[in-house]
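Heads up, the thing below is written out as structure tokens.
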Amino acid sequence: MKQNLKSIAGNFRYLFRELYLFRRGSVFLPVLGSVSQIFLSLTAVWLPKLVLDLVESRAEPGVLLLRVTSGSAVLFAVSAVNAVVHNRIDSCAQVFLYTRLKPMWEEKMMVLDYEAFSSPEGKVRAERARNAIDSPNFGAVTYLRSVTELTEGLGGLFALGALVCMLHPLVLAALFVLFSVELFYGVRSERRKHFLQEERARANRKLNYMAYHTRGFREGKDIRVYSMTGWLRKAAGEAVADKDMVEKKAARQNYGKMVLNGLLLFLRNGCAYIYLLWRFFQGHMTIGDFSLAFSAVNGVGGFLARVVQGYSGFMESDNYVTDFCLFMEWNMREGKKNPVRKAQAVQIAEKPVSFTWENVSFSYGGRDHYVLKNVNLTIKAGEKLAIVGANGAGKTTFVKLLCGMIRPKEGRILAAGVDAADFDEEEYWNLFSAVFQKSGVLPVSIRDNIVSEVRQCEVRLGGGTVSDKREAEAQRLGGKDRKSGQLSGSRPENIAREKRLDGAETMPGDEAVWRCLRLANLEEKVRSLPEGLDTCLGKGIAEHGTELSGGQLQRLLLARALYRDASVLVLDEPTAALDPIAESEIYESYNRLTEGKTSVFISHRLASTRFCDRILVMENGEIVESGTHDELMMRGGRYAEMYHVQSRYYTEETL
């Protein structure tokens, strides 16, 4: 119970801190709502007694009319204020959900370390947190409303309970006994419903996958060609059935609670009303007193029900907030023993980086299922390294470890002699430009897809900054006067747009983008588009959008990596979707692409590795061979065997 109270208090502090940062005055809304509701209830209870006492005492019509009019005006004013405050609470909760909590979840999904993001536990935590903020009708959005309702119930119970206690303490005691039974069952019901959250998260993840991964252009072709509609309908039906089963379990808890609440309400109010009628007929109460006591008992019952409902709703919303907080505060990475200073990280990133792997092992599951085992390796600064091996050999895991996406389970990786675990994640990732095996583009312009990661022109390009790169490019195109800051025959970059070769306007610095597209062999395609670099990738997003082929998308990703121009270039199957001619062009320009960088090249096509300084052959998570192409061919080992298998399909005799 102590831990539960600690968790509840922590959630309260967390959410109200975020609410305060979102809109300071909003933290006082539950108090205002409670005060207005309690005052409204007291006014509604007292007004009938006032009128009946005046009628019973045969007051003058003018006095009676004045009192009734004044009381009604007060009741109307309090009702209006109460309605405005509660409407404000609901609207504030909605805006808070969409402008604060949802963006927080989305940002956490983007900055959460990759190992946690891709782990089974990470997926469940993320889904449960998403469920907490997914709806405007339930989840964390109801927290503010539940706090208000619970506060109203407790305050009103205290105020009207004092009136009932004056009638007879046993009446109040009986009401509280029935209330305790109702509260106990409500708490147990909410606890059982919370246990369903993980089951609900799994069911929702299946449904979301079916919903979002069966309606795209790429999936649409397979669905039609392979007549997958019936199979998908069956799979979707099973996912819906799983979701329905979870919701039925939760509904059974709600039904049981509603039946019990109805029986307790009948018993509570029935006994109280019988007692009041007995008192009235015994002559111990006036009509006004009977009305006041009747309304007070009814009000106490209402506030007791509100406390139960408020507590039940509060516990439900608190469980959602717990799921949200656990995800927002979750991080699988340990603290850094010797943090690298930013200046040191920047200095390391200014030149090609060397890497040393010391007894590195990694497993996604248990310790008996190593994907990489005892890898010891030194990658020299500026070296062009190729990694080859069969599927499942551990090549992609090698890249993830190198780039800091995941951390070794055993051993360590040094970058320029510094433990990679001591780098700030952002600083370490700034060392790399990468084209991963599975990458995507955003439905924005081609320019934004290439330049998306550059912040305020601070990312290095060719040993300097973006502005340095533009200056070098300007000098290559026609010279630039450093003093005037002008290109030959053009206006200043920081004042006007430049002119593209086809006469269209281009943003300052676009020449660096065009150069990267040229190196990736995509310039001709982009220049042929009506809107050039401003063309949106996605026909469903923009009227003049376009869809690039698989090979063109891979070239675009390569252009993005080249534009970033970091010290280390990682290419994981960069030519898998390219035709042989385009692939040959990329290989021929490989030395230019990797000039002044440390590069790691992964490919199944062994012909591409001849451009590298050294080749590593991986098998079952271990490095089994190392050397140049010629050295490995002379050894006649695993590399030579794979090379001969691939090359025979291109020989004249086979053809």
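The values are calculated or read from the model by the stated rules, or taken from the named source; none is laboratory data. In this text the structure is predicted, and so the values were computed from the model without any measurement. With ideal geometry, Cβ positions are generated from the backbone for all residues, glycine too; neighbour counts draw on all protein chains shown. Protein only, heavy atoms only, side chains kept; ligands, DNA and RNA dropped before computing areas. Shrake-Rupley method; radii C 1.70, N 1.55, O 1.52, S 1.80 Å.
Summary table below
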read-out	value
Residue among S70, S26, S36, S41 that is open to solvent by 50 Å² or more (accessible area, probe 1.4 Å) and either closer than 26 Å to A159 by Cβ or not in a helix (DSSP H, G or I) (or both)	S70
Pair list, Cβ under 9 Å, 6 or more apart: region 333-350 residue open to solvent by 80 Å² or more (accessible area, probe 1.4 Å), other residue at pLDDT below 80 and not in a helix (DSSP H, G or I)	E350/R460; E350/G463
Residue check, Q282 free of Cβ contacts under 8 Å to residues at least 60 places away in the same chain and open to solvent by 30 Å² or more (accessible area, probe 1.4 Å)	yes
Members of region 6-23 found to be over 20 Å from the mean Cα position of the chain (by Cα), surrounded by 14 or more Cβ atoms within 10 Å (Cβ to Cβ) and of a type in the set (A, V, I, L, M, F, W, C), listed by number	I8, F12, F16
Of all residues making up region 618-642, the number that are of a type outside the set (S, T, N, Q) and open to solvent by 40 Å² or more (accessible area, probe 1.4 Å)	12
Tally of residues being over 14 Å from V375 (Cβ atoms) and of a type in the set (A, V, I, L, M, F, W, C) across region 406-419	3
One residue from F138, F117, F158 being outside any helix (DSSP H, G or I), surrounded by fewer than 22 Cβ atoms within 10 Å (Cβ to Cβ) and of a type in the set (F, W, Y)	F138
Looking only at region 539-558, and only at residues there that are surrounded by 15 or more Cβ atoms within 10 Å (Cβ to Cβ) and not in a helix (DSSP H, G or I), the one that is nearest to the chain's Cα centre (by Cα)	A542
Sole exception among (1) of a type outside the set (D, E); (2) at pLDDT below 85; (3) under 30 Å from R130 (Cβ atoms) for K49, by number	(3)
Matching option when the condition is under 42 Å from the mean Cα position of the chain (by Cα), under 30 Å from D318 (Cβ atoms) and hydrophobic (A, V, I, L, M, F, W, C), among L29, L42	L29
Residues of region 48-67 satisfying the condition of being of a type outside the set (S, T, N, Q) and open to solvent by less than 80 Å² (accessible area, probe 1.4 Å)	P48, K49, L50, V51, L52, D53, L54, A59, G62, V63, L64
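Conditions (1) buried (at least 18 other Cβ atoms within 10 Å of the Cβ); (2) in contact (Cβ under 8 Å) with a residue 12 or more places away in the chain; (3) more than 24 Å from A129 (Cα to Cα); (4) not aromatic (F, W, Y), marked per residue:
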position: L75; (1), (2), (3), (4): no, yes, yes, yes
position: N82; (1), (2), (3), (4): yes, yes, yes, yes
position: L97; (1), (2), (3), (4): yes, yes, no, yes
position: M104; (1), (2), (3), (4): no, yes, no, yes
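Residues checked against (1) among the hydrophobic types (A, V, I, L, M, F, W, C); (2) at pLDDT 90 or above; (3) open to solvent by less than 10 Å² (accessible area, probe 1.4 Å); (4) within 23 Å of L522 (Cα to Cα):
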site	(1), (2), (3), (4)
A386	yes, yes, yes, no
F423	yes, no, yes, no
S452	no, no, no, yes
R455	no, no, no, no
